[in-house]
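*Asks:* Mind looking over this structure? Questions follow.
The values are calculated or read from the model by the stated rules, or taken from the named source; none is laboratory data. This structure is a prediction, so every number in the text was calculated from the model and none was measured. A quick note on method: Cβ atoms are made from the backbone with ideal geometry, for glycine too, and the neighbour counts reach across all protein chains shown. These area figures cover heavy atoms from the full protein model, side chains too; ligands, DNA and RNA do not enter into them. Shrake-Rupley method; radii C 1.70, N 1.55, O 1.52, S 1.80 Å.
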Amino acid sequence: MDFYFFRACGREKLCINDSKAAALPRIRIIYEVRMERNLTIYYTSDIHGCFSPVNYATGEKTDSGLANCLSQFHKDGNTLIIDGGDTLQGTPLTYFLSHEENDVTSLPAKLLNLGGYDFITLGNHDFDYGKAVIERYLAALDAVCLCANVEGICGVQKTAVVTLENGLRVGLTGIITPFVAQFEPVETMAGITVTDAFAAAWSALSELRRAKVDVTICIYHGGFEADVMTGKVLSQTGENQGWRICRELGFDVLLAAHQHMPLDNLQIGGTYTCQPPDKASKFICMDVTADRGSVKAVSKLLPAGETPLPAALELLRPVEQKLNAWLDTPVGTLDVPLFGGKPLELALHGSLLANLFNQVQLEATGADISVTSLSNQVLDFPQHVTNRAIVSAYAFPNTLKTIRVVRSILKTALERDLSYFDHAPDGSVCVSREYLEPIVQHFNFDYYLGLTVTADLKKPIGERVISIVFAGEELPEDKALTLCLNNYRASGAGGYGCYKAAPLLSEGRTEMQELILQYVEQHKTITVDKSRWLTIIS
């Protein structure tokens, strides 16, 4: 009698070969061979320069930051570590690296290499420094950059296929919101082409399917245009297309980003999806199981924790010592401290910090009027100004543009601005849901200097502006004014498409953080404008 074994998914089966058994009735035995294989994904996105567990505005330690996330990654041959972009911009550290050290790429790349990242895609803010900086960053990375709708950047691939230790073939692509071309100045995008994200994702998925992979993954620096629970469409601009990609294309996994909206363990139209919040406060751990053509996934948001990876702290320590000395350098004095507060209260009653930003913009451009916005969280700004206060208060890498506007354009913009306000069931003023969903966007409420506006919030949106006064007189329909605003708002972003039709008179190339630093250093002692631009009569 002869014996032999065959192995199915690690389990041995005993079979018998006996010539005497030939006379027995033939029995056909079919074994179900299990081919279940697993993949673990660690996913971060929108780190925005938060590499250390530090709040740079206060200098205090926080339970967040990439260094803390890295200490929780456990990598083996069946693990992929992925990032969804917006890594190089967003904190005083990245400002210091780009402006004082002249190298914003080396440290982030070393940290991602230390963490064992396999794949990344680019975020819109990674384009803030231009093509050459992106290429230096990618050259320093061990990870592969996937961005199927970006052309012209060396080191970017459209797709990749990787075979894990357990034999699972994983196909990946990356895409970015095409709005990056709208957000960024023309000179920053020189030599770069960004095409439609949905079309690029469809093409990449077709290529991965031809490669006969077991699992398809799309790393998307974009979010969801619909409510992920109800499917209600919230935006039709094309900036975010995650809902459509999930419903119409059929990736097994979509790793979303850009909106900073914490989401885990979702399935939309057969695609498993998730999104981590910004600033590396949490990360995604996803367990993917593939078995004979069927893919299932479970994802969960995990906190960064309180323990940083020691090797990451060693990398960060030398530059942070120099950074802290620079941050605490005094540069000037204001006549009053500038208090922060809740966004709604600032919108209703005005912000001296916004007035200061507008003063800087008016001096830099010579415009008649100025408009600016504030971050979602507005902290107190000290009377004795340091570099730390400035780079913490103005978090955006914006440059300035000056356009020519007339009353009709201003009224359209103001009506959009006033749509920020709504009424609660008890009749009190509250923030409109449009500014809270699908993401919180207080930064899309604008503050003016040089205009005095009267509004009636009991009127419907589109009819709330009662008066627009310039230089003490009601602004005539045909009077043209020069308006200074940041490049993001001038692009029409945030629902201010009316600005796109206005003639462009000039544009600067110096970032607002630098302009504020120069303004304070030049004037030393500053009197902040105390005027209120908005009066609400109800």
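*Asks:* Can you name the condition, by its number, that Glu507 falls short on among (1) more than 29 Å from Pro92 (Cβ to Cβ); (2) of a type outside the set (Phe, Trp, Tyr); (3) modelled with pLDDT under 95?
*Replies:* Only one criterion is unmet by Glu507, namely (1).
*Asks:* Would it be correct to say that Asn324 is under 26 Å from the mean Cα position of the chain (by Cα) and at pLDDT 95 or above? Please lay out each step first, then the result.
*Replies:* Details: under 26 Å from the mean Cα position of the chain (by Cα): yes; at pLDDT 95 or above: no.
Answer is no for this residue.
*Asks:* For the stretch 460-486, how many residues are closer than 26 Å to Thr399 by Cα and among the hydrophobic types (A, V, I, L, M, F, W, C)?
*Replies:* Counting residues in the stretch 460-486 that are closer than 26 Å to Thr399 by Cα and among the hydrophobic types (A, V, I, L, M, F, W, C) gives 6.
*Asks:* Look through Gly332, Gly305 and report the one residue that is of a type outside the set (Val, Ile, Thr), in a loop (DSSP other than H, G, I, E, B) and open to solvent by less than 30 Å² (accessible area, probe 1.4 Å).
*Replies:* Being of a type outside the set (Val, Ile, Thr), in a loop (DSSP other than H, G, I, E, B) and open to solvent by less than 30 Å² (accessible area, probe 1.4 Å) holds for just one of Gly332, Gly305, which is Gly305.
*Asks:* Could you list, in sequence order, the residues of the stretch 404-424 that are in a loop (DSSP other than H, G, I, E, B) and either at pLDDT below 95 or over 26 Å from the mean Cα position of the chain (by Cα) (or both)?
*Replies:* Passing the criteria: Val406, Ala424.
*Asks:* If you take the residues in the stretch 180-212 that are in contact with a Leu (Cβ under 9 Å, 6 or more places away or on another chain) and at pLDDT 95 or above, which one is most open to solvent (accessible area, probe 1.4 Å)?
*Replies:* Trp202
*Asks:* Let me ask another. Residue check, Val469 against (1) over 22 Å from the mean Cα position of the chain (by Cα); (2) within 30 Å of His258 (Cα to Cα); (3) part of a strand (DSSP E or B), all met but one. Which one?
*Replies:* Result: Val469 fails condition (2) only.
*Asks:* Which one of these does Tyr129 not meet: (1) more than 21 Å from Cys218 (Cβ to Cβ); (2) free of Cβ contacts under 8 Å to residues at least 40 places away in the same chain?
*Replies:* Failing condition for Tyr129: (2).
*Asks:* While we're on this one: Consider Ile526 carefully, then state whether it is buried (at least 16 other Cβ atoms within 10 Å of the Cβ), within 24 Å of Leu338 (Cβ to Cβ) and in contact with a strand residue (DSSP E or B) (Cβ under 8 Å, 6 or more places away or on another chain).
*Replies:* When the stated conditions are applied, Ile526 passes them.
*Asks:* Which of the residues that make up the stretch 77-104 are on the phi > 0 side of the Ramachandran plot and either open to solvent by 10 Å² or more (accessible area, probe 1.4 Å) or not in a loop (DSSP other than H, G, I, E, B) (or both)?
*Replies:* In the first step, residues of the stretch 77-104 are kept if they are on the phi > 0 side of the Ramachandran plot; the result is 85-86, 90, 102.
Gly90, Asn102, listed by residue number.
*Asks:* Which number in (1) farther than 27 Å from Thr535 by Cβ; (2) in contact with a Phe, Trp or Tyr (Cβ under 9 Å, 6 or more places away or on another chain) marks the one condition that Arg509 misses?
*Replies:* (2)
*Asks:* Within the stretch 335-367, how many residues turn out to be part of a helix (DSSP H, G or I) and under 25 Å from Thr399 (Cβ atoms)?
*Replies:* Here the count works out to 17.
*Asks:* Further question on the same structure: Are any residues in the stretch 140-172 touching a residue at least 24 places away in the same chain (Cβ under 8 Å) and within 25 Å of Leu107 (Cα to Cα), and if so, which ones?
*Replies:* Answer for the stretch 140-172, where residues must be touching a residue at least 24 places away in the same chain (Cβ under 8 Å) and within 25 Å of Leu107 (Cα to Cα): Ala140, Leu141, Asp142, Ala143, Val144, Cys145, Leu146, Cys147, Val150, Gly152, Ile153, Val156.
*Asks:* Still on this structure, I have one more. What number of residues in the stretch 151-171 are more than 22 Å from the chain's Cα centre (by Cα), under 27 Å from Lys131 (Cβ atoms) and open to solvent by less than 20 Å² (accessible area, probe 1.4 Å)?
*Replies:* 1
*Asks:* With a cut-off of at least 1 residues that are under 30 Å from Ala132 (Cα atoms) and hydroxyl-bearing (Ser, Thr, Tyr), name the strands (runs of 3 or more DSSP E) lying wholly within the stretch 179-290. Explain how you work it out, then say what you get.
*Replies:* Numbers: elements: 215-221, 253-255, 263-268, 271-275.
Result: 215-221.
*Asks:* Here's something else I'd like to know. For residues that are open to solvent by 40 Å² or more (accessible area, probe 1.4 Å) and not charged (D, E, K, R), tally how many sit in the stretch 316-325.
*Replies:* 4
*Asks:* If you don't mind, there's one more thing I want to ask. Kindly check whether there is at least one residue in the stretch 342-356 that is among the hydrophobic types (A, V, I, L, M, F, W, C) and modelled with pLDDT under 95.
*Replies:* No, every residue in the stretch 342-356 fails to be among the hydrophobic types (A, V, I, L, M, F, W, C) and modelled with pLDDT under 95.
For (1) buried (at least 19 other Cβ atoms within 10 Å of the Cβ); (2) within 31 Å of the chain's Cα centre (by Cα); (3) under 28 Å from Pro337 (Cα atoms), each residue gets a yes or a no:
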| residue | (1), (2), (3) |
| --- | --- |
| Ala393 | yes, yes, yes |
| Thr402 | yes, yes, no |
| Asp426 | no, no, no |
| His442 | yes, yes, yes |
| Gly450 | yes, no, yes |
| Thr454 | no, no, yes |
| Leu475 | yes, no, no |
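*Asks:* What tally of residues in the stretch 213-234 results from selecting those that are surrounded by 21 or more Cβ atoms within 10 Å (Cβ to Cβ) and either in contact with a Pro (Cβ under 6 Å, 6 or more places away or on another chain) or among the aromatic types (Phe, Trp, Tyr) (or both)?
*Replies:* Qualifying residue count for the region: 2.
*Asks:* Going by the structure shown, is Leu111 more than 22 Å from Ala257 (Cα to Cα), touching a helix residue (DSSP H, G or I) at 6+ places or on another chain (Cβ under 7 Å) and either modelled with pLDDT of 95 or more or of a type in the set (A, V, I, L, M, F, W, C) (or both)?
*Replies:* no
*Asks:* Please go through the stretch 352-391 and give me each residue that is touching a helix residue (DSSP H, G or I) at 6+ places or on another chain (Cβ under 6 Å), open to solvent by less than 50 Å² (accessible area, probe 1.4 Å) and farther than 27 Å from Val180 by Cβ, ordered by number.
*Replies:* Scanning the stretch 352-391 gives Phe381, Val385, Asn387, Arg388.
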